[in-house]
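Comments concern the structure below.
Every number here is computed from the coordinates shown, using simple stated rules; none is lab data. Note that the structure is a prediction, hence the values are computed from the model and not measured. Please note: Cβ atoms are built from the backbone with ideal geometry, for glycine as well, and neighbour counts cover all protein chains shown.
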Amino acid sequence: MKQPLLDVQNLKTYFFTEDGMVPAVDGVSFYINTGETLAVVGESGSGKSVTSTSILRLIPSPPGRIVEGTITFEGESLLSKTEEQMQQIRGNRISMIFQEPMTSLNPVHRVGDQIAETYRLHRGLGHAEAMERAVRMLERVGIPSPEKRARDYPHQLSGGMRQRVMIAMALACRPSLLIADEPTTALDVTIQAQILDLMRKLQEESKTSILLITHDLGVVAEMADRVVVMYAGKIVEEGHVLDIFKNPLHPYTRGLLGSIPRLHWQRRSLLPSIEGVVPNPLEFPAGCRFNPRCSEAVARCRVEEPALLTIESSHKVACWLREGGNLFVGSTVGS
Ligand code: ADP
Ligand code: MG
């Protein structure tokens, strides 16, 4: 059987804070194949960013720690790498783009120098050649007058241009995995569409796999091959993008889909939305963590935690109402 590019099994990343233990990522398993885009969706606080920073081994410690699980990338265990080995992987074989480019761009260095630096560091190129490649990369991400722009500092560029620079930097070394955490959230719709197009184009050229973290289901529909839905540190549903959109099984996924804003304003008031908020991770509810917000919850949901089970081929869900592939009528389950 073909090995996935990235295989995460039973990942648990906890934060040990003064107030107590935060099980931010609590037994998460997923994989990404070569050239594929996996979207991770879920409301704020569900553990999406902690999952991605765990892969890069960038969890602040203390208070955080990966307490269990395995992360296998290109056949190698990332959790047994030294910090020095991880530095060789970050920005090279795995790179990352964030919602806010200023977190990964250095304000006191010219953008051309910053991209050139990754070529020097990971490809061992000399100064002139690294700079030449940096300018070419700026051109590829659609930055006009790239030679001139290369001499700009990040603050001299617009938000969209900074995002492009960050993508240029992230893709400079043709990583096999790009982790994009809310890459377009801060941008206006037109720029967002351009950036997504650009990511797709570069992905096709280099067969890059993308782990795309977003709470924007429009972005998911446009970009993803498969989708993982996270809630309160757990995966509640997983499947191909069409399965998720056409046949969402988890009440939470249905809630998320119901909350996509529609253009047709008259229907908006009829659409379901998820009431309540993500629970405080210091006191997650017993049973299914979604149960206090679930309109379909039955007695069992408040006591026992449902496992993530395969319903059909690659479509999985963790919900007692869907146990064994049958849709149980709420009132017949539990007491
Ligand atoms: P998402 O990206 O889905 O919005 P995060 O992965 O950022 O969510 O956060 C998941 C949970 O982990 C949140 O409850 C958050 O408060 C907690 N968390 C993240 N970083 C820390 C930290 N440094 N210390 C304590 N808790 C943290
Ligand atoms: Mg996040």
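Annotations for the structure displayed:
- Potential lengthening between ALA193 and GLU296 on full extension [0.36 nm per residue; Cα-Cα distance subtracted]: 33.4 nm
- In terms of distances greater than 20 angstrom between alpha carbons, the cross-link table entries LYS48/LYS234; LYS2/LYS246; LYS246/LYS316; LYS234/LYS316; LYS12/LYS81 yield LYS2/LYS246.
- Net dipole in debye of segment 6-224 [+1 Lys, Arg Cβ; -1 Asp, Glu Cβ; about Cα centre; nearest 20]: 720
- Measuring nothing but alpha carbons in segment 1-67 and taking Rh as the Kirkwood radius, the Rg to Rh ratio lands at 1.02.
- Modelled spin-label separation between TYR153 and SER61, with each label point placed 7 Å from Cα along the Cα-to-Cβ direction: 3.6 nm.
- Signed unit charges on C-beta, dipole axis of the chain, positive-most listed residue PHE290, HIS315, CYS301: HIS315
- The chain: angle of helix 111-123 to the longest principal axis, Cα-based, in degrees nearest 10: 80
- More than 26 angstrom apart: percent of Cα pairs within the chain: 51
- Using a Förster distance of 35 Å, the FRET efficiency for GLU129-GLU84 (Cβ separation, nearest 0.05): 0.85
- Cα-based shape type of segment 22-125, given that a ≥ b ≥ c are square roots of the gyration tensor eigenvalues and the cut on a/c is 1.5: prolate
- J(HN,Hα) series, segment 162-176, from Karplus relation 6.51 cos²θ - 1.76 cosθ + 1.60, nearest Hz, glycine and proline x: 4, 4, 5, 4, 5, 5, 4, 5, 5, 9, 3, 8, 6, x, 7
- J(HN,Hα) series, segment 152-159, from Karplus relation 6.51 cos²θ - 1.76 cosθ + 1.60, nearest Hz, glycine and proline x: 7, 8, x, 5, 7, 9, 6, x
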